[in-house]
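The values are calculated or read from the model by the stated rules, or taken from the named source; none is laboratory data. Here the structure is a predicted model, which means the values were calculated and not measured. Neighbour counts are summed over all protein chains in view; Cβ atoms, including those assigned to glycine, are modelled from backbone coordinates with ideal geometry.
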Amino acid sequence: MRAIVTGQIGVDKKGYLRQVVDLAGQRGTNVGLYNVGQMMYAEAPDVRPGRILDLPLARLRSLRRAAMKDIITQSEGQTHAILNTHATFRWRHGLFAAFDFDQVQQFKPDVLICLMDNIEVVHARLHEDYTSDATLKDLMVWREEEIMATELLAQALGIPTQFYVLSRGREVDTVETCYRMVCKPEMRKVYPSFPMTHVEKLPDVRKVIDAFRAELADKFIAFDPGDVDEKLLLDAALEAVKNGEDFIEADAGTFRPGQKLQVPVREVLDIARDVDGQIYTRDFQMVRQSDMIVSLVPELPGGAPGLSSGVERELQHAFDHSRDVYVVYHPQKPPSPFITETATKVFKTTDEAMAYFEAQGFLVQGNLFGH
């Protein structure tokens, strides 16, 4: 599989993809990794680290074309190769393209992946590595542009169904997922659906949901909506306003595990509409890029079904786009027809669902963890 991986500055694609390539090597698969930015710097030894985007656009394009020419030559004939680039740049020159279509065609990609991360973490990385005054709002806009440009590129290349969005992950890097996408593409792709916001303060229910998510991530290529969730950031900011606070703390995630980031409340409030709009669009995209959706409806204290409006919409969206719809339903109260009428099959437990998936041949043998 030959993949192009895009994503805005601040996602640290280079470090992430290095982990993917190392993992593949440990499992006996050689994957070539080509970092366009790194090779552009090699072509321009006079440019200081972090300053290449300040160059005139003509020289920037010349350096990029020289780097891409070398990549096309070096990667020719490789079964597995990853091209690490950007689709767009939003910098002092304004918004501009980060690729030349003719050279992308020559690379002959099979799949395009737009990598993303939680926006407060992207912001922290960007300001550590570059001289930038970009706000959270700027980065939310850039993310949308990066995703759309990557999708349009896939369409122009004639592989519209081979466009994916993938998150680095809020707590654990999704290196395993990316490795499988590149080296084990025959594995089934699944969208885990589950309630999020209104179970945040129910630790016992959260444990059930986390176990469900882990099981799917172990057996499939899973596109988990919980890996990017700025709704948590927005909720914390709204609470801070009530308390008269100017900053909130946010987990630094995979950027600095176990540490906290100080995030301005004002900047978070500025992206409130972006957060909601991008969740809506991104989650539906992840449903469509999956072979099937598996939804968990946990039982809440008191016996009520833990069914959110978001989960219902995801189930309907999957059904409307001809995806297989599976539901793990825990409550004693029978499910509503809005679940049963769209579900391919309803299970009582995750174990029951996994046994069914294995019997149907959904768990491709020989793929899991390289065995």
For Tyr329, indicate whether it is out of contact with any Gly (no Cβ under 7 Å at 6 or more places or on another chain) and crowded, with 19+ Cβ neighbours inside 10 Å. yes
Among (1) under 21 Å from Tyr280 (Cβ atoms); (2) basic (Lys, Arg); (3) surrounded by fewer than 17 Cβ atoms within 10 Å (Cβ to Cβ), Arg323 falls short only on (3)
In the list Leu55, Leu63, Leu23, which residue meets the criterion of being of a type outside the set (Phe, Trp, Tyr), without any contact (Cβ under 8 Å) to a residue 12 or more places away in the chain and buried (at least 16 other Cβ atoms within 10 Å of the Cβ)? Leu55
List the residue pairs whose Cβ atoms are under 8 Å apart, where the first residue sits in the range 349-362 and is under 16 Å from His330 (Cβ atoms), the second is part of a helix (DSSP H, G or I) and of a type outside the set (Ser, Thr, Tyr), and the two are 6 or more positions apart or on different chains. Thr350/Ala211; Thr350/Phe212; Thr350/Glu215; Met354/Glu215; Met354/Lys219
Report yes if some residue within the range 161-178 is small (Gly, Ala, Ser), at pLDDT 95 or above and within 21 Å of Asn84 (Cβ to Cβ); otherwise report no. yes
Across the range 213-259, what is the total count of residues that are assigned to a helix (DSSP H, G or I), of a type in the set (Lys, Arg) and in contact with a helix residue (DSSP H, G or I) (Cβ under 9 Å, 6 or more places away or on another chain)? 3
Are any residues in the range 180-239 closer than 15 Å to Ser290 by Cα and surrounded by fewer than 16 Cβ atoms within 10 Å (Cβ to Cβ), and if so, which ones? Pro185, Glu186
